[in-house]
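Peer 1: To start, I am sharing the structure in question, which I have written as structure tokens.
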């Protein structure tokens, strides 16, 4: 029947040891009684459960017995759930000793003691320890990793443990970092050969150290070792590290205190630094807008913070956001300590490496005021910004990335004179980056406009959309560049062919040199790694050799191709086409193809072996000589000498055995084997490695000794090469500013090319901007919503917009629900924003004045976390508009005051619009359902116009009563309404809310009751209008002479009022018929006008 089955249960099922009570002076343990009870503590044992009676009897006979021992009562076997719980819990029901390293190391293995020491030095880091071919987690880190990665954690000796394979390191690190954890990778700092040479062969463990630390803000700048091996795809968007501090100051012009907020946002992977200090409102609307625009993935809070700032930050970094929060006390840096910390950092950087900022060229003309260089720029920053920057530098020191602040970083304030920032509500309601339905980028303005080929170009375009320009010269410079690229493109199918990677030869005849060169360069960069982050990784000494060669080679190839345009410009190469006319394009191309940059790239690449870099061969990476990398050259000499000694040994063995063809063999990775026939006698000290039927393979003592020397020489060479590679990357710091300027120029070229492709594919036109000394104005002909047009195509109904500061500069838009009011006001704001970004716009013509801000108040939202109601949020946004807008601003307000009672809402909406018109005199588009708002036209005659989105209705509201709810068939028919989506002059008398309720499928009885209620309210409103008209007539009679009495005036007013309403409806239908070019839409309007006239007659 074969060998009986046997199951060995681990020691975790043995009885638990009795708890030991600690005391200051423990007494010696009492002597054990002669007959210990079963409850006494037992040493860890292995229990053997056998299904064979003979083996069970044999096991019992071998176990020691006591004459007084009693067999304990049998206990029932543990349940399956109990077994599972025991396996998932540590052996002892105590907190993991990994977090309490004060136990003196009793009971720890050497590896566990190493982990305890590392955890004591890095308590906030989740450690991944390299052990053999796996990375292991210990203690609480194992429990966290098991929950995030979906792996099994199990007890092993002293701690809970879990592990992942080495080749999946990048994949698992990115998952842990994405969950908001700070992950550290612990690697062996010595090899077996170095350990044996230094300490001899013994049981001491390999020395280990923390080699890298990753967070969401730093992983892209330090992810060189994470590439390959199934690593997850890196994030293409920005990953800002934001530090926030605030301070209470006295309010200017009013009693009380205000809060001043200082903010520094660092994109470690690109070197970008955004900073600023500003006074914020009680709701922290300014801080909220910055957080929404930057979308930080990691936040440093300089404590203590004010209550309102703390509240909004806790709402932003909620448990579902995976945003990591680090709290740092501001007491570390007082008023002068923060500045001293930064100055010390700059002085060290200048002493350690030479800087090459003189060669850095600016890619935008406004960058002269936006970039801070050196200590002078730091000293010019506000106090809170310096404090936040010092806290950020101290945090980055833990990652070895603090140098990014000193070497060519792109410092820029978020409130520059040449740009303006959009508010949080504007970014959300205009759906600039995310739609309002599911929060994704699908259907957003950014998704429509983003035709970039590279990741760094996409990030720059996002920055452009967040901060549109408000300088006319800079806007026109971008428009000139986009226009030149646009004109260099052929027909639309040629552009599509280039984007799809089609045959370029068939389109070369209709494309100019500019389009061909730009498309080929951007296509090359799109297939290459992210060179912007690659440059930063090189600067941080985190790049691999393969990545270094790929990044520098991409920059070199792109520069050589762009040099064709530069050479044609200066006439060296003859061409039938003039290459570049736009000053902005010429500057960008010259920066990206600078001969200084190309020479530096060639010099750097000439030091490395490209084949070895692709294969990851560090030993042969450097092209070493006596003058260049002498340490590496000496290491190679030592390796060759060790190999030469082994070659001399084989000569001796040939003579010894008289075998002229004897050679070293390599079998299964074992080298330098001597293969001899089985019958050949060898010295007794030779070591047999393996054999076959005919031959035996040996290692001699001399071979083993020289193999150890060869292995040691190679390990020493590897250490030298790694050290030299680190020094090589450190020396790259003097080129960093130059290469960073090249990457920024290539990103700007990518954005401009993307805008040109957008205009070509969607038939956009170039907007015209009037001079700054002219009045504010917006003239748009056949404007279209860029996102909805992409969905609807030719079915989208365009609209005109005419606003002028010296004429009508306010539009009050009314109309039915779902008629297109919100779409119209959004399209005006988006067209204005796109034009000031530098893009062409969806219209047949557009003449605009540069606005210094776009302010919106749309939508209904609240914040339960901050204790803000819907109406409070409305008022906060309205207050922000009234305090910050100017006569050069565009203000969009949609249904202000709907979150409270009708009377209060009308009063607030009226007063807000009145303030904007009288005090600010800015361009306003105001959407409302309150008829009372239209009365403001009397005070601002000629400056305010009433408009509505047109529609066709088959039936007006009937006068019904409660009895008709059940019996009248007309109560079931609310009629049909056809939305024409065309903005026409005049106010709308109805909103057709019942029709929307019908579309939403409210219960039929509910809609019937609503129809009755609406009819009653309309009947109650008619007498009020008559009384109002009577009072108006009486006032006119008293103020001025009149031949007729008040009674006659009242008698005549009522029929004339009905006649005027009838004429208005007839004229409206005639106007609609004239505005429609389609006959199918014209005939219904004329027929409707004819029916109204016949009924009146």
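Peer 1: Please give the length that would be gained between residue 609 and residue 473 if that part of the chain were fully extended, namely 0.36 nm times their separation in residues minus their C-alpha to C-alpha distance (nm, one decimal).
Peer 2: Going from the current span to full extension adds 44.2 nm.
Peer 1: Right, here's the next one. Estimate the FRET efficiency between residue 978 and residue 168 by the formula 1/(1 + (r/R0)^6), using the beta-carbon distance for r and 51 Å for R0, to the nearest 0.05.
Peer 2: 0.25
Peer 1: Here is a follow-up. When Rg is the radius of gyration of the Cα atoms in region 803-855 and Rh is its Kirkwood radius, what does Rg/Rh come to?
Peer 2: Ratio value, two decimals: 0.98.
Peer 1: Which number comes out as Rg/Rh for region 774-905 once both Rg and the Kirkwood Rh are worked out on C-alpha atoms?
Peer 2: Expressed as Rg/Rh, it is 0.99.
Peer 1: So how do 903, 479 line up by other beta-carbon neighbours within 10 Å, fewest first?
Peer 2: Least crowded to most crowded, the residues run 903, 479.
Peer 1: Taking the simple approach of a point 7 Å from Cα along Cα-to-Cβ for both residue 586 and residue 157, what is their distance in nm?
Peer 2: It works out to 7.1 nm between the two label points.
Peer 1: What full-extension length gain, to one decimal in nm, is calculated for residue 1006 and residue 919 as 0.36 nm per residue of separation minus the Cα-Cα distance?
Peer 2: 26.8 nm
Peer 1: Another one. Testing the spin-label approximation: label points 7 Å from Cα along Cα→Cβ at residue 998 and residue 702. State their distance in nm.
Peer 2: 10.7
Peer 1: Something else: Just subtract the alpha-carbon distance of residue 670 and residue 633 from 0.36 nm times their residue separation and send over the number in nm, one decimal.
Peer 2: Stretched fully, the residue 670-residue 633 segment lengthens by 10.6 nm.
Peer 1: Which semi-axis lengths, in whole Å and largest first, follow from the square roots of five times the eigenvalues of the Cα gyration tensor of region 630-727?
Peer 2: Square roots of five times the eigenvalues give 32, 14, 10 Å.
Peer 1: In what sequence do 981, 753 fall when counting other Cβ within 10 Å, fewest first?
Peer 2: Result, fewest neighbours first: 981, 753.
Peer 1: How far is it, in nm, from the label point at residue 1059 to the one at residue 870 when both lie 7 Å from their Cα along the line to the Cβ?
Peer 2: Spacing of the two 7 Å Cα→Cβ label points: 4.6 nm.
Peer 1: Evaluate E = 1/(1 + (r/R0)^6) for residue 952 and residue 487, where r is the Cβ-Cβ distance and R0 equals 25 Å; express this FRET efficiency to the nearest 0.05.
Peer 2: Computed FRET efficiency for residue 952 and residue 487 comes out at 0.05.
Peer 1: Now, a different point. Got a sec? How would 243, 1063 order by Cβ neighbour count within 10 Å, fewest to most?
Peer 2: So the residues, fewest neighbours to most, are 1063, 243.
Peer 1: Suppose R0 equals 56 Å; then what is the FRET efficiency for residue 718 and residue 771 from their Cβ-Cβ distance, rounded to the nearest 0.05?
Peer 2: E(calc), rounded to 0.05, equals 0.25.
FYI, it's all coordinate maths here, none of it is from the lab. Just so you know, these numbers come straight off a predicted model, no measurement behind them. All Cβ positions, even for glycine, are placed from backbone atoms using ideal geometry, and neighbour counts span all protein chains on display.
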